[in-house]
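> Handing you a structure now.
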Amino acid sequence: MPAAPFQNEGLRLFRALVPLLALGFGAPGAFAQQAPKALHEAAKGEGVVVWYTSFPLDEATPLAEAFQKRYPGVKVEIVRGSGTRLIERFETEYRAGRGVADVLTGALLDPYLAYKKQGWLMEWTPPEGAHIPAAHKDEGFWYVEGITLSCMMYHPGRVKSESLPKEPTDLLAPAWKGRIGSIPAFATGTALEFAHYVEHNLGRKDFAAKLKELSPRMQTAQAQLVEQLIRGEIDMAFPIADYNLYRFKAQGAPVECAYPRSGVPANTRPVAIPKNAPHPNAAKLFVNWRLSEEGQKVMQEGFGMRSVRRGMPPVKGLAPLSGLKVLVFDPKEIGATRDEITARWRAAFGS
């Protein structure tokens, strides 16, 4: 696939923000919260932090660069993969006794619950974790560093407001045949939670099979779907985390989001440190920075993912949470239904 112009431009714009963000916009004390000097020195002795993340590289790379500017001498090595594949890789390595990952950031919470129960997570309380509400953390083990809302993204020049779907199930109408793109539930955490919503909240366990009949364009990454939407290959893409609306619109892309009326699935992004992290001090330094005001500001202003940290402003240009019916699923429920949901999607779209 040729290089994505909007994605590359987003990386350029985001990198332009990094020096300003890392310096607190030039205001002394703007980001007064700093990790203890001793922790930075210990992290420099390790020299590197290996970050397993489901963030696309054009989002993860500027975050890493901002951290490296704040804490010189500690390099971030990014290992990027879809939420489900990253989980599989980490679990395979852990069971084999190979400690590779220092920090985990995924798109599903239920694996982290299992990891804590299995004793796979390091117990450590980051100072900045105090600013994360109790509902979004298991103190000392995992913390939600951001949330996204799933929407149905469309091209406003090709989809008129009167024909917008009110629910994902409206996209099963014959009029949408050949015009839509989607992500299978077995590919990403966002897609799995969206499929759970469709099957269990809207009662359509036949959704994948019916969708197959409409010849949708299927991808395993949201950015690929959005690029197809921009190029005019499809008119509607789902499920798309709405931070993509923020970053693609900032680049001038003609995209908008329609949110399900009955409820908007929220996807949490937890961060944690494995118990066998090979660079534990660098991992602690990185996690503490990701939860800090500066780290959260880089995330929000860089690519529009909503922060759950207390006191952070809303993301400009995205629908306010107060105007939406936001659905946060029980991670245990997602874990319990994962196999049956993914089996239906694999039957419809292969593996």
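> Check Met122: other-chain or 5+ apart residues with amide H under 5 Å from its amide H, H built from backbone geometry?
Ile273, Lys275
> Continuing with this model, one more query. I'd like the Karplus ³J(HN,Hα) series for the range 131-144: coefficients 6.51, -1.76, 1.60, θ = phi - 60°, whole numbers in Hz, and an x wherever there's a Gly or Pro.
Ordered by residue, 3J(HN,Hα) equals 8, 9, x, 4, 5, 10, 6, 10, 3, x, 10, 9, 9, 7 Hz.
> Could you sort 68-77, 267-276 so that the peptide with the highest average Cβ count within 10 Å comes first and the rest follow in order?
Ranked by mean Cβ neighbours within 10 Å, highest first: 267-276, 68-77.
> Can you tell me the 0 to 90 degree angle between the C-alpha axis of helix 222-231 and the longest principal axis of the chain, rounded to 10?
50 degrees
> Just Gly263, Gly295, Gly157 to compare: in a GNM of the chain, with alpha carbon springs under 10 Å, which one fluctuates most?
Top of the fluctuation ranking is Gly157.
> Work out from phi, with θ = phi - 60° and the Karplus expression 6.51 cos²θ - 1.76 cosθ + 1.60, the ³J(HN,Hα) of each residue of the range 73-80, listed in order in whole Hz, and give x for Gly and Pro.
In residue order, the calculated couplings are x, 10, 8, 9, 9, 9, 10, 9 Hz.
> While we're here: Testing the spin-label approximation: label points 7 Å from Cα along Cα→Cβ at Glu93 and Ala175. State their distance in nm.
So the label points at Glu93 and Ala175 sit 4.9 nm apart.
> Would you mind computing the Rg to Rh ratio of the range 112-255 from its alpha-carbon coordinates, Kirkwood style for Rh?
Rg divided by Rh gives 1.06.
> Then there's this: Regarding the chain, what are the three Cα extents along the principal axes, ordered largest first, in Å?
Sorted largest first, the three principal extents are 63, 44, 39 Å.
> I would also like to ask the following. Calculated FRET efficiency, Lys117 and Arg231, Cβ-Cβ r, R0 56 Å, to nearest 0.05?
The value I calculate is 0.80.
> Charges at C-beta only: +1 for Lys and Arg, -1 for Asp and Glu. How large is the resulting dipole of the chain about its Cα centre, in Debye rounded to 20?
Taking the Cα centre of the chain as origin, the dipole is about 240 debye.
> Using only Cα atoms, what Kirkwood radius does the range 150-204 have, in angstroms?
For the range 150-204, inverting the mean 1/r across all distinct Cα pairs yields 12.4 Å.
> If you don't mind, another one. In degrees between 0 and 90, to the nearest 10, how far off the longest principal axis of the chain does helix 83-95 point, with axes built from Cα atoms?
50 degrees
> Related question: Hey, if you put +1 on the Cβ of every Lys and Arg and -1 on every Asp and Glu Cβ in the chain, which of Ile180, Val198, Pro62 ends up farthest toward the positive end of that dipole?
In the chain, that residue is Ile180.
> Right, here's the next one. Counting heavy atoms of the protein chains only and a 1.4 Å probe, report the per residue accessible area for the chain as a whole number of Å².
Result: 40 Å² of accessible area for each residue.
> Relative to the longest principal axis of the C-alpha atoms of the chain, give the angle of the C-alpha long axis of helix 293-303, reported between 0 and 90° and rounded to the nearest 10°.
30 degrees
> On to the next question. Once Lys and Arg get +1 and Asp and Glu get -1 on their Cβ, which of Val144, Ser163, Ser82 lies farthest toward the positive end of the dipole of the chain?
Of the listed residues, the answer is Ser163.
> Let me make sure I get this right: for the range 248-351, a, b and c are the square roots of the gyration tensor eigenvalues over alpha carbons, sorted descending. Under 1.5 in a/c it's rounded, otherwise prolate if a/b > b/c, else oblate. Which is it?
oblate
> Rank by packing, highest mean first: peptides 169-176, 119-126, 240-247, with packing defined as the count of other Cβ atoms within 10 Å averaged across residues.
Ranking, from highest mean packing down: 240-247, 119-126, 169-176.
The values are calculated or read from the model by the stated rules, or taken from the named source; none is laboratory data. Note that the structure is a prediction, hence the values are computed from the model and not measured. For neighbour counting, all protein chains shown are included, and Cβ atoms are generated from backbone atoms with ideal geometry for every residue, glycine included. When the accessible area is computed, the model is the full protein with side chains, heavy atoms only, and any ligands, DNA or RNA have been set aside. Shrake-Rupley method; radii C 1.70, N 1.55, O 1.52, S 1.80 Å.
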